[in-house]
Structure formats: C-alpha cells, structure tokens
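Peer 1: Mind looking over this structure? Questions follow.
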Amino acid sequence: MSTEIKAPMTGKIASIVVHVGDQVNIDDEVVIMDAMKMEIPVYTPVKGTIKEIKVKEGDSVKTDQVLMIIG
C-alpha cells in the first residue's frame, strides 16, 4: 500500500532531504518548504521506502499537492 505525502500549505520546496529508494520511519523529515517567510518541515506519517518524488527543489506547490509517494 502506498502513502502520498502532501504539502501542508502553499509554498516553495527549499530542500528535499530524501532520495528514491531511501528507507524512512514515522516522523522522519522528508522535505523542507519555505512558506510565509518560515521554513516548514514536512514529516512522513508512515514507515516505508521512498518510491517516487514528484517535486524538485525550487518548485512552487499548492496545499495538498502530492510531494512524494512512500510504499
């Protein structure tokens, strides 16, 4: 079963902390966003493997846009 990691708010992707194939645990930081002049960390709610990253650093994203998929 796959889990989508979504943007919590509109902003810009400042940094992607993981790569496809990386193993992650619950509450691992996977992305850092810039929003409202603050850095907003995005954490994974599940344990698994990064299957796909759908954004790149510098991309502007909207609330609930899928950032990556964990399987």
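Peer 1: Would you say Gln65 is among the polar types (S, T, N, Q) and surrounded by 14 or more Cβ atoms within 10 Å (Cβ to Cβ)?
Peer 2: Yes, satisfied.
Peer 1: Out of the residues in the range 41-62 that are touching a Lys or Arg at 6+ places or on another chain (Cβ under 8 Å) and not aliphatic (A, V, I, L, M), which is surrounded by the fewest Cβ atoms within 10 Å (Cβ to Cβ)?
Peer 2: My answer is Gly58.
Peer 1: Only residues that are of a type in the set (D, E, K, R) and closer than 15 Å to Gly71 by Cα: list them for the range 1-26, please.
Peer 2: Glu4, Lys6, Asp22
Peer 1: Continuing with this model, one more query. If you go through the range 16-37 one residue at a time, how many are at pLDDT 95 or above and exposed (fewer than 13 other Cβ atoms within 10 Å of the Cβ)?
Peer 2: Total satisfying the criteria: 7.
Peer 1: Can you tell me how many residues within the range 27-71 are assigned to a strand (DSSP E or B), within 10 Å of Ile13 (Cα to Cα) and either over 10 Å from the mean Cα position of the chain (by Cα) or touching a residue at least 60 places away in the same chain (Cβ under 8 Å) (or both)?
Peer 2: Residues that pass the stated criteria total 7.
Peer 1: (1) touching a Gly at 6+ places or on another chain (Cβ under 6 Å); (2) of a type in the set (A, V, I, L, M, F, W, C); (3) on the phi > 0 side of the Ramachandran plot: which one isn't true of Met36, the others all being true?
Peer 2: Status for Met36: all satisfied but (1).
The values are calculated or read from the model by the stated rules, or taken from the named source; none is laboratory data. Bear in mind the structure is a predicted one, so any value in this text is a computation, not a measurement. Every residue, glycine among them, receives a Cβ derived from its backbone with ideal geometry; neighbour counts consider all protein chains shown.
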